[in-house]
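This report refers to the structure that appears directly beneath it.
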Amino acid sequence: MIFNLPFITVVIVIMFGLYAMVFRRNLIKVVIGLDLVESAVNLFLVSLGYVKGGVAPIYTNAPSTDMVLPTPQALTLTSIVIGVATTAMLLSFCILIYRYYGTLDTRKARRLRE
Amino acid sequence: MLVDYVIWIFLGIGLTFNTLGVIGLLRFPDVYTRLHAATKATTFGSIFTSLAVVVLSFWKYLAVQYTAGLSMGVHTIIAIMCLLLTNPVGAHAIARAAHRSGVKPKVAVVDRLEEVGK
Amino acid sequence: MIEDIIHVLILAGLIVTAYLAVKLRDLLAAAVVLGVFSFLLSLEFYILQAPDVAIAEAGIGAGLTTAIFVIAVKKTARWEVEE
Amino acid sequence: MMSKIVRTQANFLYPLILIFGFYIVMHGHLTPGGGFQGGAVIATGIALVVVAYGYEKIKRWIKKTHLTAAEGIGLLCFIITAFIGIGTSFFYNFLANSGLIFGESIPYGINPGYLNTAGTLPIMNLAVGIEVLGGLGAIILYMMAYGREVSE
Amino acid sequence: MRNIAMIAVFAILLSFFMYIALNPADFGYSGEGLNFGHPRFTDMDDYFIHNAQNQTASNNVVTSIVFDYRGFDTLGEATVLFTAVLGVGLGLRMLRGDEDDE
Amino acid sequence: MIDVWLLASLVFVILILLAIARVVAGPTLADRVVALDTINTLMVAVMIILSVVYSEAIYVDIAIVYALLSFVATLYIARYMEGGI
C-alpha cells in the first residue's frame, strides 16, 4: 500500500541538507544541513529494518513474537549519540571562528585571513 | 457496555477541546491570545484522552486479567502528572519573554504588567 | 488503511519542516523548526516500532540539540546576512 | 536567572528527572531504554537547572571537572567490565545464567521480565549512563561558560 | 558557471538516489528486492531474536545487541563521545573568557 | 474497539499538521514557540493513544520522557528572548 514513501522522504531530506551544506554561506546553516542529513540516514536505517505487522524487539509483555529487525535499531542508537557530539563540536568551532574573524560568512572569513 | 461509553465520552471531550485549541492557535490575532487558547485547551483535552487510556487499562486489568494493564495505567498517570507540572510553566515563560522582548498585545486597552514594570 | 494515512501525513510534515529549516533566514527560528523536525522524526520511529531509538531521539533531539543551537546562536549572530 | 516560578518548578522537577533517568538506565534490559537514553535524560536535567538559575550560580554547585571525571570513570568501568570476560572472548557475558548478582535465567518467550537477570548488561548500562551523563553535561557547561561577551 | 556545474551534480545525485529509492528490486540483487516491509537479510537478525533470551538472559534484544553481540561498536562510540567532549573543552578554552575555574 | 483509537490518533496527527501551519506562517518568534509548545502536548497525547493501538504497555515511557524533557527547549528560547543566557 505505502510503497516506498519513507525512502523517497529520505532522498528529499538528504537533498535539502546537501543544498544547505553546499550553497549556504552561513556556518550555522551548514551545521543545520549536516544535522538534517544525519537524521535522514537514521530514518533510512530504521525504515530498512521494518517488517510489516511486526512488533518491537522486546519480549516484555509483547503482544506477539513476530518482531522487526533489531540490528539497524542498535546501529542507529549509537549513530544518534555520535551525531549530537559532532554537532556540539562543530558549533563550538563556529563560536571560535566568530570570535576570531567577527563574521560567520565563509568567504569573508577566508578573505580576512590573508 | 458501560466502560465503552465512558471511554467514548472521554475521547470525545478530549478531541473536541484539542480541536478548539488548535483552531484558536490558527485564528487568534496575537501571541497572548494564541497562547491562551493553545495551552489551556490542549492541556485539558490531552488529560481527558489520557484518562480514557487509564480507564481502559484498569478495566482490562480487573476484568480480563491482562497483567500489563496495571503498569500501563500507572505509567499513564505519571505522564499526566508530568504534563500538569511542565506545561503551565512553559506557557508562563513564553508569555513573560514575549512581553519583555517587546511584543505588544494587538487589541488590548490596558497593560497592567507594563505599568508595574515602570 | 488508517495507519498508512498517518504514515503519509507524518512524512509530509517531515518534508515541510526540513524545507523550512533550510529556507528561513532567522537562525533561531530555524532552530525551532529543527526541534519540530526532531519531534516528528521521533513519532515516525515510534510508528516504525523502534522505541529505543524514539527515546534517544526524544531526549537528545528535543532537549539537548535545541539548547546547544540556541547557545551557539546567542554567542554568535542571529540573522543570516546575505552579501 | 529566570523568574521565581520557573526556579521553584526546576527545584521540584530536577529530582524527578534524576529518578526517572535512573529508572531508564537500570531497566534497560526490560523496557526500552538503556545507558545512552538515561544519560541523555539526566544531562537534559542538568541543562534545565542551568537555564533556570543561570551559569553564574550553577558553577558553584556543578563543576565541569567533576563531569569530565565522571565521563572518564564511566568509560574505564565499561572497558574493565568488557575485559573481565577475556578468558572466553572480549565482551563475553560471564554473569548471565550463573546465579550470582544479575545472574538469574528467564523463560523463553513472552514474560513480564525480572530485574535480577541479564548478567553484565545492567553493569555496562550503568557505566555507559555515567559516561553519557558526564559528556553531554560537560558540553552544555563548556558552551555556557566560554565565549561570553568580553568587554574589549 | 560554477552554479550550473553544481546544479548538474545535484541533478545527477538526485536521479541516482531516486533510482535507488523507486526501483530497488534491480539494485545489485535479483530476488525479492529491497522493498519496504520485506527486508532482505534476515539470517543474523533471526539468530539474534531467537537466541538472545537464552544466551544473555535479557528481554530487550536491542540492548543485548548493543552491549553484548556488537560491543565493539559501543566502544568506538564511547571513544568518539570522549574525544568530542575533549575537543569542545580544548577549543573553547582558547578563548580568553572571564573564567575562574579552580 | 481498535478503530476508535486509530481514528483518534489520526485526528491528532491532523491537528499536529495544523499546528505546523502556524510554525510556517508565524510572523514573530514567539508565535513559533507557542506552536512548538502545542505540538509537545499533542505529541504526548498521541503517543499514549498509540500505545493502546499497538497494545504495548512499555511504550508509555516515551510519552513520559517527552512530557518531562521537551519544555527545556521552550525554556532556552524564552531565556534568549528575555535577553541573556
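Would you mind estimating how fast chain D diffuses translationally, via Stokes-Einstein at 4 °C and 1.567 mPa s with the Kirkwood radius over Cα pairs, in µm²/s?
Rounded to a whole number, D works out at 75 µm²/s.
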Self-check item: Ordering of D:82-90, C:22-30 by packing [mean C-beta count within 10 Å, highest first]
Solution: C:22-30, D:82-90
Practice problem: Kindly report the accessible area of region B:38-118 per residue (heavy atoms of protein chains, probe 1.4 Å, no ligands, DNA or RNA), in Å². | Solution: 52
Practice problem: Mind grabbing the base-10 log of I(q)/I(0) for chain A at q = 0.13, 0.24 Å⁻¹? Debye formula, identical points on the C-alpha positions, no solvent, two decimal places. | Solution: -0.65, -1.26
Exercise. Report the charge-dipole magnitude of the protein assembly as shown in Debye, nearest 20, computed about the Cα centre from +1 at each Lys and Arg Cβ and -1 at each Asp and Glu Cβ.
Key: 2300
Self-check item: Chains E and D, summed buried accessible surface - 1.4 Å probe, Å², nearest 100
Solution: 3600
Practice problem: Find the accessible area per residue for region C:2-74; the probe is 1.4 Å, ligands and nucleic acids are left out, and the unit is Å². | Solution: 16
Quiz item: If amide H atoms are built 1.01 Å from N in the plane of the peptide, which residues on other chains or at least 5 residues away come under 5 Å of the amide H of B:TYR66?
Solution: B:TYR61
Practice problem: Take the alpha carbon atoms of region D:8-67, find their center, do the same for region F:23-46, and report the distance between the two centers in whole angstrom. | Solution: 25
Practice problem: Find the eigenvalues of the gyration tensor of the Cα atoms of region B:46-118, then list the square roots of 5 times those eigenvalues as equivalent ellipsoid semi-axes, largest first, in whole angstrom. | Solution: 45, 11, 7
Quiz item: Using the alpha-carbon centroid of each, what span in Å lies between region A:1-51 and region C:57-83?
Solution: 19
Quiz item: Going through the DSSP H helices of chain D, which span 15 Å or more along their own axis at the Cα atoms while scoring at least 1.6 as a mean Kyte-Doolittle hydropathy?
Solution: D:35-53, D:121-145
Quiz item: What is the Cα coordinate range of region C:2-74 on the first, second and third principal axes, sorted by size from largest, in whole angstrom?
Solution: 42, 25, 11
Practice problem: Just tell me how shielded B:31-39 is by partners: mean number of partner chain Cβ atoms within 10 Å of each residue's Cβ, no decimals. | Solution: 4
Quiz item: Listed here are the pairs A:LYS29/D:LYS57; C:LYS23/C:LYS75; B:LYS40/B:LYS60; A:LYS29/C:LYS74; C:LYS74/D:LYS4; B:LYS40/B:LYS106; which of them are more than 25 Å apart at the Cα?
Solution: A:LYS29/D:LYS57; B:LYS40/B:LYS60
Quiz item: How far is helix B:31-59 tilted off the main Cα axis of chain B, in degrees rounded to 10, range 0 to 90?
Solution: 10
Quiz prompt | At R0 = 35 Å, FRET efficiency that the Cβ-Cβ distance of D:ILE80 and E:MET44 yields, to 0.05 | solution = 0.80
Practice problem: Just the number, please: carbon plus sulfur as a percent of the accessible area of the protein assembly as shown, 1.4 Å probe, no ligands or DNA/RNA counted. | Solution: 68
Practice problem: Please compute how much accessible surface disappears when E pairs with A, both sides summed, using a 1.4 Å probe, and round it to the nearest 100 Å². | Solution: 3900
Quiz item: To two decimal places, what compactness ratio does chain F give when its Cα radius of gyration is scaled by 2.2 N^0.38 Å?
Solution: 1.27
Quiz item: Can you tell which of C:ALA30, C:ILE6, C:ALA56 lies farthest toward the positive end of the dipole of region C:2-74, using +1 and -1 charges on the Cβ of basic and acidic side chains (Lys, Arg; Asp, Glu)?
Solution: C:ALA30
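Just tell me, in residue order, which DSSP H segments of chain F are both 24 angstrom or longer along the helix axis (alpha-carbon based) and at least 0.5 in mean Kyte-Doolittle hydropathy.
Span-like helices here: F:2-25, F:29-53.
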Practice problem: Compute the acute angle (0 to 90°) between the alpha-carbon long axis of helix C:66-75 and the principal axis of greatest extent of the alpha-carbon atoms of chain C; round to the nearest 10°. | Solution: 10
Self-check item: Local electrostatic count, F:ILE48, Cβ distance below 13 Å [Lys/Arg +1, Asp/Glu -1]
Solution: -2
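For a quick protection proxy, order the peptides A:15-27, B:59-71 by their average other-Cβ count within 10 Å, most packed first.
In descending order of packing, they fall as A:15-27, B:59-71.
How large is the Kirkwood hydrodynamic radius of the protein assembly as shown, in angstrom, based on all distinct alpha carbon pairs? Before the final figure, lay out the partial values.
Values: mean 1/r = 0.0393 Å⁻¹.
Across the protein assembly as shown, the inverse of the average 1/r is 25.4 Å.
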Practice problem: For B:LYS104, go through the lysines and keep the ones whose alpha-carbon is under 17 Å away, minus same-chain ones fewer than eight residues off. | Solution: B:LYS118
Quiz item: Using a 1.4 Å probe on protein heavy atoms only, how many Å² of accessible area do C and A hide from each other, summed over both chains and rounded to 100?
Solution: 3900
Quiz item: What residue among D:GLY39, D:GLY129, D:GLY109 shows peak mean-square fluctuation when chain D is described by a Gaussian network model with Cα springs under 10 Å?
Solution: D:GLY109
Quiz prompt | Area of A:MET89 that stays accessible when all protein chains are in place (1.4 Å probe, Å², to 10) | solution = 60
Quiz item: In square angstrom, rounded to the nearest 10, how much accessible surface does D:ILE5 have for a 1.4 Å probe?
Solution: 90
Quiz item: Taking chain A as a Gaussian network, where each spring joins two C-alpha atoms under 10 Å apart, which residue of A:THR76, A:THR65, A:THR86 fluctuates the most?
Solution: A:THR65
Quiz item: Semi-axes of region B:2-100's equivalent ellipsoid from the Cα gyration tensor, sqrt of 5 times each eigenvalue, largest first, rounded to whole Å?
Solution: 33, 16, 6
Quiz item: With every protein chain left in place, what is the accessible area per residue of chain F in square angstrom, probe 1.4 Å?
Solution: 19
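The values are calculated or read from the model by the stated rules, or taken from the named source; none is laboratory data. Computed from a predicted structure; not experimentally measured. No Cβ is skipped: glycine too gets one built from the backbone with ideal geometry, and neighbour counts run over all protein chains shown. Accessible surface areas use protein heavy atoms only, side chains included; no ligands, DNA or RNA. Shrake-Rupley method; radii C 1.70, N 1.55, O 1.52, S 1.80 Å.
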